[in-house]
Amino acid sequence: MMKRKIVARSFLVRATALAGAVALFATSILAYNGSNAVSYSDRHALNPSYLYSYYDGADCANFVSQCLMAGGMTTNSTWTMNSTAWINADALKNYLRDNNLATKIGSWSKNGTPEPYKTYAYIDNSANMTASDVGRVVVFYDWESDGIMNHAALFVANNSATWDSTADGNVTGDLINQHTKNRKRVIWNADKRNDRALYTRIYAFRIN
Amino acid sequence: MKRFGVLLGALVLAACCIWAITGSTDYETAVASGENNADVEAAIVGADNVILSLGGYASESGLIDTLSDEEIQTQIAAYNAQVDAYFTEDCVHYTNLKEMNQYYLEGALTGKVYYIVSSGNLDCKLTSIRYTDDATTAEANGYILGYANHVESEDDGGFDINCASNLLSLTAKLEKIDGTWKVCEYTYDYVEDWVPGDNANAASDQVSIANIADTTYSSFQEAYQAASEISVEEECTIHLEDVVDTDAETIVTVE
């Protein structure tokens with residue numbers, strides 16, 4: 001009788017743990033919605049939300065973090081409003097990668113670069129991202145080719161016309177939204193508006 | 001006699017104190033002199049110029065392919081000399097810039113035109129400089145405005161002009177080596193950018209400049225000529241005054 005009770009309790013504990021794990025997995029995988037991230041991003045690319053701090057001159061990662069949260073990514077003690085992982089591009093990349101929340105899907109530069117941070121030349125304005133990646137890919141920029149990310153943006157449209165033909169030219173391609181400088185639906189590689197494009201490396205991480 | 005000894009001791013002590021105070025003041029004044037500040041700024045501007053000229057080469061055809069191996073090596077050596085002049089050997093940019101420039105000039109740019117017509121710095125304002133008390137290292141913060149104007153071949157066989165100017169916020173660490181300031185750390189972020197046509201209006205010359213930049217040219221020489229006509233110094237509509245008080249004194253501290 002006693003033995004049966006112990007077995008039943010043990011089964012209950014295991015079932016509860018399994019259910020919890022499944023719920024946690026489902027929350028992290030199914031809850032993220034790229035469309036919601038894009039909607040928020042489009043709404044606040046040029047008009048920063050008053051609900052959040054605005055880091056004048058350095059708001060890129062803060063903005064991307066807001067978009068990810070709008071998409072359903074849950075905060076925690078490491079990645080929470082105004083934390084380093086929230087507002088710093090390199091820390092955000094490390095947080096997403098190290099916690100298995102995102103996976104690197106590509107690395108590019110103007111004409112390709114050698115190791116240790118190898119990148120491939122972008123041939124046109126396409127990063128070869130798909131419609132299913134919209135709102136799910138964070139693009140990181142390493143301005144100084146030293147492996148440390150300096151800037152972040154959210155991928156919001158694939159193979160579409162830029163909204164800023166002055167900055168990009170009359171072209172189509174993969175588009176991003178970003179803060180600092182605040183831009184909406186512009187070409188992801190910033191090629192035309194970057195005076196040191198040859199020294200810039202770009203990385204894309206897809207939310208898992 | 002004893003009183004004389006005490007008096008003498010007091011005098012010596014006072015003299016030491018006066019020497020220490022005035023000497024220290026002179027020293028700090030020397031460290032924070034305008035000359036040092038100007039040299040630090042010149043080193044940062046020089047280092048930034050080296051970054052902006054990465055991948056640059058001289059070729060009448062616009063193609064690096066038409067240069068001999070010897071000519072390419074000469075151009076690589078010239079670039080390396082610039083890196084040596086402005087960066088310390090342990091700086092991450094020292095290795096990166098040399099390796100990447102060699103990578104571009106020895107192969108990655110083969111078969112295509114990526115020709116820098118002009119590049120450089122339009123303005124720089126250091127808001128603060130902090131020296132160590134031995135005056136051999138310094139850390140500076142500020143803003144720098146640079147540009148690069150280049151001709152690029154397109155897949156369809158035409159040639160485009162890409163001209164961009166960027167205002168950056170910067171942090172730099174420098175070391176004084178054999179009397180020369182060199183950059184050992186340099187990080188920056190983009191604050192504002194300009195391309196020909198930004199803020200253009202019908203009454204502005206920028207409309208014609210924007211047209212130049214939007215045109216695809218059939219030959220390199222034609223594009224080169226048009227790019228040469230863009231005066232970024234005169235046309236660029238972003239200025240340091242937009243983000244920082246350029247008249248304010250640079251805050252100089254010695255630690």
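Throughout, read-outs are computed from the coordinates displayed, never taken from laboratory work. All figures in this text were calculated on a predicted structure; none of them were measured in a lab. Quick reminder, even Gly has a Cβ in these numbers, built from the backbone with ideal geometry, and neighbours come from all protein chains shown.
Fewest Cβ neighbours within 10 Å first, please rank B:L240, A:L154 accordingly. Show your work: numbers first, answer last.
On the way: B:L240 19, A:L154 30.
Fewest-to-most ranking of B:L240, A:L154: B:L240, A:L154.
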Paramagnetic label zone (point 7 Å from Cα along Cα-to-C-beta, B:S59; backbone N under 16 Å) in segment A:105-132: A:111-112
Sorted by Cβ neighbour density within 10 Å, fewest at the top, the residues A:V137, B:V45, B:V113, B:V195: B:V45, B:V113, B:V195, A:V137
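Fewest to most neighbouring Cβ within 10 Å: what's the order for B:I64, B:I238? Present the calculation step by step, with values, prior to reporting the outcome.
Working: B:I64 25, B:I238 20.
Result, fewest neighbours first: B:I238, B:I64.
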Using the Cα gyration tensor of segment B:121-255, with a ≥ b ≥ c the square roots of its eigenvalues, what is the shape: rounded (a/c below 1.5), prolate (a/b larger than b/c) or oblate (neither)? prolate
Coordinate range along principal axes, alpha carbons of chain A, Å, largest first: 79, 41, 30
Most mobile listed residue (A:A190, A:A121, A:A45) in chain A, GNM with C-alpha springs under 10 Å: A:A121
Other protein chain Cβ atoms within 10 Å, averaged over every residue that makes up A:196-208: 4
Peptide A:33-42 - average C-beta neighbours from other chains (10 Å radius): 0
Past 28 Å, Cα to Cα, is the threshold; run A:K93/A:K181; A:K192/B:K98; A:K110/B:K98; B:K112/B:K182 against it and keep the listed order. B:K112/B:K182
Rounded to whole Hz, the Karplus (6.51, -1.76, 1.60) HN-Hα couplings of segment B:155-171, x for glycine and proline: 4, 7, x, x, 10, 10, 9, 10, 9, 9, 10, 10, 9, 10, 8, 9, 10
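Using the Kyte-Doolittle scale, find the helices of chain A whose mean hydropathy is at least 1.0 and whose Cα atoms extend 18 Å or more along the helix's long axis, counting only whole DSSP H runs. Intermediate results must be reported in sequence, preceding the final value.
Working: long enough: A:2-30 (41 Å, 1.11).
Those that pass (Cα extent of 18 Å or more, hydropathy at least 1.0) are A:2-30.
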Relative to a virtual label point 7 Å from the Cα of B:R130 in the Cα→beta-carbon direction, which members of segment B:66-107 show backbone nitrogen distances below 11 Å? none
